[in-house]
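Before any comments, here is the structure.
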Amino acid sequence: AQSVTQLGSHVSVSEGALVLLRCNYSSSVPPYLFWYVQYPNQGLQLLLKYTTGATLVKGINGFEAEFKKSETSFHLTKPSAHMSDAAEYFCAVRDSGYSTLTFGKGTMLLVSP
Amino acid sequence: GAVVSQHPSWVICKSGTSVKIECRSLDFQATTMFWYRQFPKQSLMLMATSNEGSKATYEQGVEKDKFLINHASLTLSTLTVTSAHPEDSSFYICSANGGQETQYFGPGTRLLVL
């Protein structure tokens, strides 16, 4: 069975600081990994994904994530936080043989001026 | 890009009534759609997988007679909450399988049952 662990329900950074949101997964087969962002009262927007190939993936809004198989991690980073980045971020995993996603519990990113 | 819409975005109903929520893929066809439920400050919980032209597959603990799912076309899936009660109040989000192994999500429907 798949599972996703997001460390920290809340992460606070100052505007301009590095953003690091952690995600670890467990999967019995090579996984597909996703990061989604959710703004209040809205659905989820895909930030980036890893399926195969290059382990460092770049997404929208300056975010990127690196798939590290040895660490079973897929941490999300952004060099410089912007106020508009404040939102909830969900990491999700999907086994390559299935269509359903398993989500982590989410991390709320707070950005202060 | 792939766009998924939901209607309505907000619905308030009386206890005992039924509510239908529509999920549409606007610019692509989706043989598979998903319905999620999200409680405040929590993650998404998969309720069911909706397959075009066949019965939905429900997750353990989800009452299929209460949450009726119909996927009549490649661009439309509906979720009907039958005989709604206050505990059914929640944020319901659908998604559709687009290309490249990606699910695209709708904006969500907030249901409040009085």
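Computed from the coordinates by the stated procedures, all read-outs in this text should not be read as laboratory data. All of these numbers come straight from a predicted model, not from anything done at the bench. Positions of Cβ are generated from backbone atoms using ideal geometry, with glycine treated the same way; all protein chains shown enter the neighbour counts.
Here are some notes:
- Rounded to whole Å, sorted largest first: equivalent-ellipsoid semi-axes of region B:18-101, Cα gyration tensor: 21, 14, 11
- Restriction of the trypsin sites (Lys or Arg not before Pro) in region A:1-104 to DSSP coil positions whose beta-carbon has at most 14 other beta-carbons within 10 angstrom yields A:Lys69.
- The Rg/Rh ratio for the protein assembly as shown, using Cα coordinates for both the radius of gyration and the Kirkwood hydrodynamic radius, is 0.97.
- Here the relative contact order of chain A, from alpha carbon pairs under 8 Å that lie six or more residues apart, stands at 38 percent.
- Straight-distance crosslink candidates among lysines, where the alpha carbon sits under 18 Å from A:Lys49 and sequence neighbours closer than 8 are dropped: A:Lys58, A:Lys68, A:Lys69, A:Lys78, A:Lys105
- Separation of the A:His82 and A:Ala17 label points, Cα + 7 Å toward Cβ, nm: 2.0
- Region A:1-67: Cα Rg divided by the 2.2 N^0.38 Å rule of thumb: 1.21
- Build a GNM of chain B with springs between Cα atoms under 10 Å apart, and of B:Cys13, B:Cys23, B:Cys94 the one that fluctuates most is B:Cys13.
- When you restrict to C-alpha pairs under 8 Å that are six or more residues apart and normalise by the size of chain B, the relative contact order lands at 37 percent.
- As a rough footprinting exposure proxy, the listed residues B:Ser90, B:Ser25, B:Ser5 were ranked by other beta carbons within 10 Å of their own, and the order from fewest upward is B:Ser5, B:Ser90, B:Ser25.
- Phi-based couplings in Hz for region A:6-11 (Karplus 6.51, -1.76, 1.60; Gly and Pro marked x): 10, 7, x, 6, 9, 10
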